[in-house]
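The values are calculated or read from the model by the stated rules, or taken from the named source; none is laboratory data. Just so it is clear, the model here is predicted, and its values are computed rather than measured. All Cβ positions, glycine included, derive from the backbone under ideal geometry; neighbour counts span all protein chains shown.
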Amino acid sequence: MSEVKVNKISPRTNCGTVQLGDSGDTISIPAGVSITNSGTASGFGATGAASWNTTVKTSTFTAVAGEGYFVNTTAGAITVNLPAGSAGAVVAIKDYANTFSSNNCTIAANGSDKIGGFTDDAVISTDGISITLIFIDSTRGWLVTDDGLQSSAENNPFIVATGGAITTSGNCKIHSFTGPGTFTVSNLSTTPANNVVSYMVVAGGAGAGATASGSYAAGGGGAGGFREDKSPVTPYTASPLDGAPAITVAEQDYPITVGGGGAAGPTSSGTIQGTSGGNSIFSTITSAGGGGGGAGANPATPGVPGGSGGGSGGFDNPPGGTAGTGNTPPVSPPQGQNGGSSGAGDPPGGGGGGAGGVGTNAAPGTGPKAGGAGVATEIRGSSVTYSAGGSSGNYPSGTTPGGNAGDNTGDGGDGAGGNGRQSANGGSGIVVIRYKFQ
């Protein structure tokens, strides 16, 4: 094979044409050889390919034929000025930050050039889109020959997140937080509805009131506030309180607060109310801790307001003891109910309020008065009841009925009978987040 080595091939006359080979010949370019085109290429068949400029554009600019641009309109709308049109010229544009719908990208033609046959500017308002334009002639000007969305290349169109204890139920992942933590979303679904999560936020239940050396029984602790919202894409049987504000997550960290259970009033004094439970928080949702139960004394102390209110302590003398108010602060649906009150001659005291019902009012007699009912939900995959109010103590000189409330239930603590017996603590809360992952 013959070989010719030269630095430049030129025609014999200025502006002439240089021909490589004859019709039917094959010109071979070996591997590793680069060809740089600094002029205009024609007759190669495939046109419309752009060489992408990897410097992201964040303000108005003038495009160069043959280049593609990543355009970031996060800070505001941007105009792309097209170069003067010549047949076969190509310009490509890609929405860098998926913000074209909120801050548009405007395409402006040069001079009297047209875009799709019109002299008006074109506006791109679809998030994530990329388009390729080629100049064809003076009649139609720049034409779109190709477009596409980033979602066409997504391989996981669902939320990806970490944090808490993770379990699954059907097509859903469930993150349960039994203590403080962080729910971290690292990937969002390409379907907006799948980014609306289900959640349950249960605050800590309150402790029951103290008892003195007399026979007056303590009021039950109020349950921690209960709030829930079920996303339509995560089917399960929710509680009757489903319907709190919907939460659409973003790619970010969500600090989780889980309220502790409140302590019971001490036996050294018959005038001290139970300690209220701690608040639980996820995103914009706060559930209030349950209100402490009233102390059994003469006169008795009232129940404390909270997610659910504490029951009044028991005593003999008028005018009677008041219950703690539930759903404090108020939200819709209500996060809890009132505690039970007591009147003159009602030494047992009132039951603490629950998420599903008010605490039982005290009445003459010896038996403890029940706390308000909790509510059941299957958000974790099976039915569990949360946020029940604590019962009041019995009379006379009874024992603590049932002991301390369970951890991560949001239940109120049960009150003790008189003569200085120890009442029960409230249960800690829990936060649960559920979403579709496949």
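Observations on the structure shown:
- Residue in region 122-145 that is surrounded by fewer than 13 Cβ atoms within 10 Å (Cβ to Cβ), in the same structural domain as ILE256 (by TED's automatic domain parsing) and over 18 Å from the mean Cα position of the chain (by Cα) present: no
- Residues satisfying the stated conditions in region 197-250, i.e. farther than 30 Å from ALA363 by Cβ and among the aromatic types (Phe, Trp, Tyr): TYR199, TYR236
- Per the listing TYR386, TYR435, the residue uniquely under 22 Å from GLY289 (Cα atoms), hydroxyl-bearing (Ser, Thr, Tyr), assigned by TED's automatic domain parsing to the domain that holds ASN187 and touching a Ser or Thr at 6+ places or on another chain (Cβ under 7 Å) is TYR386.
- For region 134-148, a residue qualifies if it is assigned to a loop (DSSP other than H, G, I, E, B) and out of contact with any Lys or Arg (no Cβ under 7 Å at 6 or more places or on another chain), and the qualifying residues are SER138, THR139.
- Looking only at region 99-121, and only at residues there that are surrounded by 15 or more Cβ atoms within 10 Å (Cβ to Cβ) and assigned to a strand (DSSP E or B), the one that is farthest from the chain's Cα centre (by Cα): ILE115
- Of all residues in region 185-238, those satisfying the criterion of being assigned to a strand (DSSP E or B), of a type outside the set (D, E, K, R) and under 26 Å from TYR386 (Cα atoms) are VAL196, VAL197, SER198, TYR199, MET200, VAL201, VAL202, PHE226.
- Looking only at region 315-353, and only at residues there that are not hydrophobic (A, V, I, L, M, F, W, C) and not in a loop (DSSP other than H, G, I, E, B), the one that is modelled with the lowest pLDDT: ASP346
- Restricting region 412-438 to residues that are of a type in the set (S, T, N, Q) and buried (at least 24 other Cβ atoms within 10 Å of the Cβ), the residue that is modelled with the lowest pLDDT: SER423
- Top-ranked residue in region 377-407 [being at negative phi, among the polar types (S, T, N, Q) and modelled with pLDDT of 85 or more; ranked as surrounded by the most Cβ atoms within 10 Å (Cβ to Cβ)]: SER392
- Residues in region 354-372 that are assigned to a loop (DSSP other than H, G, I, E, B) and under 29 Å from the mean Cα position of the chain (by Cα): 2 in all.
- Selection of region 233-272 for residues being among the acidic types (Asp, Glu) and under 24 Å from PRO334 (Cα atoms) yields only ASP242.
- Just so you know, in region 86-98 the residues that are part of a loop (DSSP other than H, G, I, E, B) and under 32 Å from the mean Cα position of the chain (by Cα) include one that is nearest to ASP127 (Cα to Cα), and it is ASN98.
So that you can scan it fast, the table gives a plain yes or no per residue for (1) modelled with pLDDT of 70 or more; (2) surrounded by 15 or more Cβ atoms within 10 Å (Cβ to Cβ); (3) within 19 Å of ASP121 (Cα to Cα):
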residue	(1), (2), (3)
ASN14	no, no, no
ASN37	no, no, no
SER42	no, no, no
THR62	yes, no, yes
THR73	yes, yes, yes
ALA84	yes, no, yes
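- Unique residue being in a strand (DSSP E or B), of a type in the set (A, V, I, L, M, F, W, C) and under 30 Å from GLN438 (Cα atoms) when the list is ILE131, ILE174: ILE174
- Taken together, the criteria place GLY374 among residues that are touching a Ser or Thr at 6+ places or on another chain (Cβ under 7 Å) and either buried (at least 24 other Cβ atoms within 10 Å of the Cβ) or closer than 30 Å to TYR236 by Cβ (or both).
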